[in-house]
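Trainee: My questions all concern the structure below.
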Amino acid sequence: MKNICRVAVFVLICFLGVGCGKKSTMEGKALDGKGAPLARTIITAKPVDPLRGCEQVETTTTESGVFSFKGLCPESDYVLVPRDQFWKTETGLKVKSAPAGKGLSLPAPLVVRFTSRDGAITDSKTGFQWAADPGRPMNWEEADQFVRKLKLSVYSDWRLPTRAELRELYDRAYPGGVDPIFQFKGVCAWTSEKKDPATSWIFYFSDGKEDWVSNNFSVVQVLAVRSAKN
């Protein structure tokens, strides 16, 4: 009876694709927001369904941003997560591994546009740095004072962004219209641009549109920005 149970367990494990037969391989490339290679970056392949027995696998990119994995469970879902000793990111790419004994070359690169270090978010595409949403809405005067007094990382030259700068962040691929690294908790954000002395422009991350409201409108979120060149 014990031998029968052992055989049954072995067959079940093989059926789940764990520990039996050949594994699969994967190769890809990691780039920043400007298309430059991310060298010496750790890429972790995390199994979406760890109950299958698939193990987490790590590798490091080459100087040209190329990475490769061996020993992946065949035909299994993974999330590729990049990280570095100096920054963190919310970027992740869901992929499906190749069949047993086969290799997969990713058709598109893993792009890491936004990274965070000491609370400052760097946009590698534009060169700007951002502060995450503080989590409380403000009117325009409060928002302007908040960003002018903000000290984050080693920087104190923060300001309200323009409509064009917020428009550059908008990405409808995300539920909130912006990368999760911004921790954006609202629908719209203040800009530095005034329509007249009593009203200012806001940007809606809900749909990518712009409008103007009274400066006393106190349910608008705040994203502070600075030029990384300063």
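The values are calculated or read from the model by the stated rules, or taken from the named source; none is laboratory data. Not measured: the values here are computed from a predicted model. Every residue, glycine among them, receives a Cβ derived from its backbone with ideal geometry; neighbour counts consider all protein chains shown.
Trainee: If I ask for residues that are among the aromatic types (Phe, Trp, Tyr) and within 27 Å of the chain's Cα centre (by Cα), which ones from the stretch 202-222 would you list? Before the answer, list the steps.
Mentor: Here is the first cut: in the stretch 202-222, the residues among the aromatic types (Phe, Trp, Tyr) are 203-205, 212, 217.
Within the stretch 202-222, Phe203, Tyr204, Phe205 qualify.
Trainee: For a quick check of your reading of the model, give me the residue pairs whose first member lies in the stretch 144-156 and is in contact (Cβ under 8 Å) with a residue 24 or more places away in the chain and in the same structural domain as Leu223 (by TED's automatic domain parsing), whose second is assigned to a loop (DSSP other than H, G, I, E, B) and among the hydroxyl-bearing types (Ser, Thr, Tyr), with beta-carbon atoms closer than 8 Å and at least 6 apart or on different chains.
Mentor: These pairs meet every condition: Leu150/Ser156.
Trainee: Pairs only if they're at least six apart or on different chains, beta carbon under 7 angstrom, first in the stretch 90-115 and in contact (Cβ under 8 Å) with a residue 60 or more places away in the chain, second aromatic (Phe, Trp, Tyr) and part of a strand (DSSP E or B); list them, first residue then second.
Mentor: Taking only residues 6 or more apart or on different chains, the pairs are Val95/Tyr78; Ser97/Tyr78.
Trainee: Then there is this: More than 22 Å from the chain's Cα centre (by Cα) and either within 24 Å of Phe114 (Cα to Cα) or of a type outside the set (Asp, Glu) (or both), is that true of Leu93?
Mentor: On the way: more than 22 Å from the chain's Cα centre (by Cα): no; either within 24 Å of Phe114 (Cα to Cα) or of a type outside the set (Asp, Glu) (or both): yes.
Answer is no for this residue.
Trainee: Another one. With (1) at pLDDT below 95; (2) under 18 Å from Arg226 (Cβ atoms) as the list, and Gln145 as the residue in question, which single condition is left unmet?
Mentor: Every listed condition holds for Gln145 apart from (1).
Trainee: Suppose the filter is under 30 Å from Pro74 (Cα atoms), touching a Gly at 6+ places or on another chain (Cβ under 9 Å) and of a type in the set (Ser, Thr, Tyr); does Ser105 pass it?
Mentor: Values: under 30 Å from Pro74 (Cα atoms): yes; touching a Gly at 6+ places or on another chain (Cβ under 9 Å): yes; of a type in the set (Ser, Thr, Tyr): yes.
It is true that Ser105 is under 30 Å from Pro74 (Cα atoms), touching a Gly at 6+ places or on another chain (Cβ under 9 Å) and of a type in the set (Ser, Thr, Tyr).
Trainee: crowded, with 16+ Cβ neighbours inside 10 Å, in a loop (DSSP other than H, G, I, E, B), of a type outside the set (Phe, Trp, Tyr) and in the same structural domain as Asn216 (by TED's automatic domain parsing): does that describe Pro161?
Mentor: Details: crowded, with 16+ Cβ neighbours inside 10 Å: yes; in a loop (DSSP other than H, G, I, E, B): yes; of a type outside the set (Phe, Trp, Tyr): yes; in the same structural domain as Asn216 (by TED's automatic domain parsing): yes.
Taking the combined requirement at face value, the residue satisfies it.
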